[in-house]
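Report on one structure; see the data block that follows.
The values are calculated or read from the model by the stated rules, or taken from the named source; none is laboratory data. These numbers were taken from a predicted model, which means no experiment stands behind them. Positions of Cβ are backbone-derived with ideal geometry, glycine not excepted, and every protein chain shown enters the neighbour counts. Side chains are part of the model used for accessible areas, which takes the heavy atoms of the whole protein and leaves out ligands, DNA and RNA. Shrake-Rupley method; radii C 1.70, N 1.55, O 1.52, S 1.80 Å.
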Amino acid sequence: MQEFILNAYRDSDKNIVIESKNGLKFNMPTDTDSIRKIKQAVSFKQNVRAKMDNGSVVFGATKAMPTGGKPFEELMALAVDYVAAPVDVPTEQAELINFVHTEAKDLKPDLLMMGNLSWKYLVRSAMRGKNIMMTGPAGCGKTMAAKSLVNALDRPEFYFNLGATQDPRSTLIGNTHFSKEDGTYFTESEFVRAIQTENAVILLDELSRAHPEAWNILMTVLDQGQRYLRLDEADGSPTVKVAKGVCFIATANIGNEYTSTRVIDRAMLDRFTIIEMEMLGADKEKDLLTMLYPNLDLESIGIIGDIVGDTRKEMATESPRISTAISTRASVELASLVYDGFTVEEAAGVIIYPQYDSAGGVDSERTFVKQIIQKYISDGTEEDLFNTDGLEE
């Protein structure tokens, strides 16, 4: 088997070109493994190691017929172009680095307004089989980010909403049943099947709303040194090991404004890699609404983005005058109503105002939010609610 080295690079149109030292060019192979190895070489500015095997070009350990139709004798002549081999990087590690830093950015949906660094960290953590906790305000895109990751990695997906679970043992372990024919028997839960699926991504939604017993059951499952689940209800209380490559992604609302959530135990938090999702600024919010509703007039989108952005800036101050900011989920609904013919004023009346307490009269949160909105749209009166100088940028 003859080994030779090819030069691989991207041309001005960003297409990958593979050629020999003397200028003989090859088309890209068609199999996924070879394409990945070549992309990795390009990203690291390395040469492509190739071999001849009965007329086929072998990239790494994968055979790929050159589609250029060059005869075997001409390919063999490439042996004279042999140069120093690329730096030795374990194949698995090189592929992970290439995927995270080169390919993954193209897999992030445009609608997911998540920073590139956070996205790369999310992808890398999933590929390493880490337990990931997505934190952030309600409606900021935590669940969307998790589902986008599943689609990007093309792995088996399992979804469990722990906030809606009334019986943690039934959901995470299983149930004991009785029938006249079979007597007492145990049925495993869907979660048991999920953790035994190699490379599965398991989404644990609303972990901060879960019953504490769910946390206790998950402690050994999430512990990297244990990774097992005990089926207490089954005969003999057997244990089930978490399969190789399984990644758990939890979402949680953490903060005083979420009164129905529970404070997550420190031991539970320590089992996760934390990725914080932040609220968007006004400009990014406008970009998102424009993508979702391209036919909606830019003036309305601008007004919605500015109103939403002001509530978020207020929440970032040392002593905010409101208890919560308008979420991205709410701003999308605002745009949806305007798209359906409502005015921005009408949409604000049914979407924004009910989120804020009216107790306190002129000092209430609702009046303060009306003050913000009055900066951008008329509320139907000629009198200002307040002096709005404090809200100017």
note = A chain fully extended from LEU298 to GLN224 at 0.36 nm per residue, minus the present Cα-Cα distance, gains in nm 21.7 nm
remark   = Taking a crude spin-label model, label points 7 Å out from Cα along the C-beta direction, the VAL362 to SER170 distance in nm is 5.5 nm
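Over segment 138-183, with the other protein chains present, what is the accessible area per residue in square angstrom, probe 1.4 angstrom?
On the way: 2380 Å² over 46 residues.
That works out to 52 Å² per residue.
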Straight-distance crosslink candidates among lysines, where the alpha carbon sits under 18 Å from LYS14 and sequence neighbours closer than 8 are dropped = LYS25, LYS37, LYS39, LYS45, LYS105
task = Mind checking the full-extension length gain between ASP265 and LEU111? Use 0.36 nm per residue of separation minus the Cα-Cα distance, one decimal, nm.
result = 52.1 nm
remark   = Once phi for every residue in segment 225-237 is put through the Karplus expression 6.51 cos²θ - 1.76 cosθ + 1.60 (θ = phi - 60°), the whole-Hz ³J(HN,Hα) values, with Gly and Pro written as x, are x, 10, 6, 9, 10, 8, 8, 4, 7, 7, 4, x, 6
note = Under the Karplus relation with 6.51, -1.76 and 1.60 and θ = phi - 60°, whole-Hz ³J(HN,Hα) for segment 135-141, x at Gly and Pro, equal 10, x, x, 4, x, 9, x
message = Modelling each spin label as a point 7 Å along the Cα-to-Cβ direction, I'd like the LEU96/ARG329 distance in nm, to one decimal.
response = 3.4 nm
note = For ILE132, other-chain or 5+-apart residues with amide H closer than 5 Å (H placed, Pro excluded) are PHE248, ILE249, ALA250, THR273
